[in-house]
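What follows is a set of notes on a single structure, which appears directly below.
The values are calculated or read from the model by the stated rules, or taken from the named source; none is laboratory data. On a predicted model such as this, the values are computed, not experimentally measured, just so you know. Every residue, glycine among them, receives a Cβ derived from its backbone with ideal geometry; neighbour counts consider all protein chains shown. With ligands, DNA and RNA removed, areas are computed over all heavy atoms of the protein, side chains included. Shrake-Rupley method; radii C 1.70, N 1.55, O 1.52, S 1.80 Å.
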Amino acid sequence: MIDVQAVSKRYGQTVALDPTSIACEAGSTTALIGPSGCGKSTLLRVVAGLVIPDSGTVSLAGETLTAQNSERLRQNLGYVIQDGGLFPHLSARDNVTLLARYLKQSPVAIDRRVTELGELVQIPATALARFPRQLSGGQRQRVGLMRALMNDPPIVLLDEPLGALDPITRSELQTQLKAIFAGLGKTVILVTHDMGEAAYLAGRIALMRDGRIVQRGSLQALLDEP
Ligand code: ADP
Ligand code: ADP
């Protein structure tokens, strides 16, 4: 479903991605883990078509991402960042429905989908009327997840989605994310620097260091390595 072949990216002298590759099967959850600055976010942005690599290719569902098709292919993925990445001047609900309204989906279908997603991420309808700054961190993150899932994309990319949360909210959302990933059959890449979170949420773990994936496998396989 996601195939990254030998992508590299530099920012001036900084090597963010040394040629690195990763493939994710449909329906799998992969955790990208590694120290700050090792290139996790850059790799995720390359997959999302938000950063153009200096070399290498990204294919989503068998189609190679190019400057021409990136806008269309991006509709196949939901992207969630720390603290939800919501537009501050829009209500939570308007954040969630922005793209659907732009795509001229029917108001009835949009309402139905918002209700369904609200139940899925367990956020009360009253909270959806508020602006992002009026919500708790956990609620902002739930809204960010709703927005990412709104158009039912096959791929979901999460960049430290729980990084800004207190431990209790964090573990609550971990439980919900696990249920959501298992139930919806999405192909997921999750960036985290929490090994426990990676092991709990992801079937496969990719360890990054200095712009490359240095090891891949199940947690057990990684622990068994000498
Ligand atoms: P991580 O997500 O693992 O913390 P990043 O992918 O954010 O790592 O960053 C990898 C390296 O690239 C870091 O050295 C970072 O400072 C640098 N970098 C990332 N984005 C930019 C940018 N827009 N401009 C300049 N340097 C960047
Ligand atoms: P993360 O590591 O979680 O991606 P950062 O705080 O490193 O978050 O980066 C936040 C934003 O700043 C990103 O858009 C990233 O591309 C950009 N960025 C990161 N490092 C640099 C840098 N050295 N110079 C310029 N922009 C950077």
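When the Cα positions of A31, L128, G84 are compared along the charge dipole of the chain, L128 comes out farthest toward the positive end, with charges on each C-beta of Lys, Arg, Asp and Glu.
R212: net charge of surrounding residues, Cβ under 15 Å, Lys/Arg +1, Asp/Glu -1, itself excluded? Working shown, then result.
Details: positive: K9, R10, K40, R209, R216; negative: D18, D54, D210.
For residues surrounding R212, the net value is +2.
Which whole-number percentage describes the relative contact order of the chain, with Cα contacts under 8 Å and a sequence gap of 6 or more?
After rounding, I find 31 percent.
On segment 152-226, 53 percent of the accessible area sits on carbon and sulfur atoms, based on a 1.4 Å probe. Just to confirm a number: summing +1 for Lys and Arg and -1 for Asp and Glu over residues other than A202 whose beta-carbon lies under 12 angstrom from that of A202, what do you get? That sum, taken over residues with Cβ under 12 Å, equals +1. Pairwise Cα distances in segment 160-226 exceed 20 Å for 33 percent of all pairs.
Which one, L128, L184, L32, has the greatest fluctuation when you compute a Gaussian network model over the chain with C-alpha springs under 10 angstrom? Answer for the Gaussian network model of the chain: L184. Amide H contacts of A164: D83, each under 5 Å away and 5 or more positions distant or on a separate chain (H built 1.01 Å from N in the peptide plane; Pro and chain starts excluded).
Qualifying trypsin sites (Lys or Arg not before Pro) in segment 82-116, where qualification requires a DSSP coil assignment and no more than 11 other C-beta atoms within 10 Å, comprise K104. Q82 sits among other residues whose Cβ lies under 9 Å from its own Cβ, and their net charge, with Lys and Arg +1 and Asp and Glu -1, is -3. Near L190, the amide H atoms lying under 5 Å from its own belong to T30, A31, L32, L158; only residues 5 or more places off or on other chains count, and H is placed 1.01 Å from N. Once the C-beta distance of E71 and V15 is scaled by a Förster radius of 35 Å, the resulting FRET efficiency is 0.80 to the nearest 0.05.
In plain terms, the C-alpha convex hull of segment 53-119 casts an average shadow of 6.7 nm² when viewed from every direction. Surface composition of segment 39-81: carbon and sulfur atoms hold 47% of the protein heavy-atom accessible area at a 1.4 Å probe. Within the listed set Q174, Q134, Q13, the Gaussian network model of the chain (springs between alpha-carbon atoms below 10 Å) gives the highest mean-square fluctuation for Q13. Structure remark: mean-square fluctuation, Gaussian network model of the chain, C-alpha springs under 10 Å; the largest value among D18, D111, D152 belongs to D111. For the pair Q105 and A26, a Förster radius of 25 Å applied to the C-beta separation gives a FRET efficiency near 0.50, rounded to the nearest 0.05. Accessible area per residue for the chain, computed on protein heavy atoms with a 1.4 Å probe, is 48 Å². Dipole magnitude for segment 18-143: about 500 debye, using +1 per Lys or Arg Cβ and -1 per Asp or Glu Cβ, origin at the Cα centre.
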